[in-house]
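Scroll down for the structure; my scribbles are underneath it.
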Amino acid sequence: MFFTNSVKIGKEVIEDLFFFPESQMLDCNQYLINNRENDEIILFDAGNGKSLKALFEGMNNIGLDYKKITKVYITHEHVDHVLGLYELLDVMKNNPPEIFAYEKTAKILQEGNESEIIPRDLGISSSMLGIEIRPIKVVNIKENDQFRLNSEFTFKIFYTPGHSLGSIIYYEINKKILIPGDLVFAGGSFGRYDFPGGSLTKLQDSIEFTNKLDVEYLLPGHMNISDNGNEQIEYSNKMVHSIRDYF
Ligand SMILES: [Zn+2]
């Protein structure tokens, strides 16, 4: 069983956009937007499921009600980003949020394809985690799709494979916010490319592409966030291109 903190401490990045850092074991950073214009909450990535209660507690502490979550946007298909979906759908079964993911990730989630969600190298299974992976309803989003949440937030979606086959990034065009999942992290680091579906050259190309976006707030799937996005992504781009794949 995982140990999780009883509460995730939320931090306001900018008005209405909150950062909830990952818990210690196989979890991911989560972001949410309090869409006051529609009285709803939009969540990015679902975490490992074990940390969901800690997220709800943390939301409660800053006056946000998890029952208002209407949409969940997933960055990619990996266990630490999606397992929370099953818990969330159970808890909210009377009023379930819509789940959004890119084609390949959407298909994996629609089929409940455990071997794609939990890479074998991790040496764990969903039963060890106490969560049952099952087929769920997912809205399929496409490359270059754009969605407007309200007058403040409009996101564009770009397909950025390399870390996994279903990896996308969410780019907010007004405030220059990037939610890149596990593509790039702060401090020159970047996503692993050795899981099934991973590719170093695709990762390099995807980071090269991302480096052309104008990014102020970098909100990655793990570790710290940054308000110095362009510089961080450029650093990661330099680092990832310094690797040669010998395999
Ligand atoms: Zn991942």
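Taken together, the values in this text are just the output of simple stated rules run on the coordinates, not laboratory data. On a predicted model such as this, the values are computed, not experimentally measured, just so you know. Methodologically, a virtual Cβ is constructed for each residue, glycine included, from the backbone with ideal geometry; neighbour enumeration extends over all protein chains shown.
Rounded to two decimals, the Cα-based Rg/Rh of the chain, with Kirkwood Rh, is 0.94. Normalised by 2.2 N^0.38 Å, with N the number of residues, the alpha-carbon radius of gyration of the stretch 112-183 equals 1.39. Beta-bridge orientation, the stretch 11-241: approximately 70 percent antiparallel, per DSSP, counting only bridges with both partners inside. Each of the peptides 53-62, 214-223 was scored by the mean count of other Cβ atoms within 10 Å over its residues; in descending order, highest first, they stand as 214-223, 53-62. Here Asn228 and Gln110 are evaluated by their C-beta separation; at R0 = 30 Å the FRET efficiency comes out at 0.20. Using 1/(1 + (r/R0)^6) with R0 = 45 angstrom and r between the beta carbons of Asn174 and Ser125, what's the FRET efficiency to the nearest 0.05? So the FRET efficiency works out to roughly 0.60. Is there a pair in Lys142/Lys175; Lys156/Lys176; Lys104/Lys176; Lys8/Lys176; Lys176/Lys212 whose C-alpha atoms are over 18 Å apart, and which pairs would that be? Beyond 18 Å: Lys142/Lys175; Lys104/Lys176; Lys8/Lys176.
Under the criterion of Cα pairs below 8 Å and six or more residues apart, the relative contact order for the chain equals 14 percent.
Residues whose amide H falls under 5 Å from that of Val13, counting only those 5 or more places apart or on a different chain, are Phe18, Phe19, with hydrogens built in the peptide plane.
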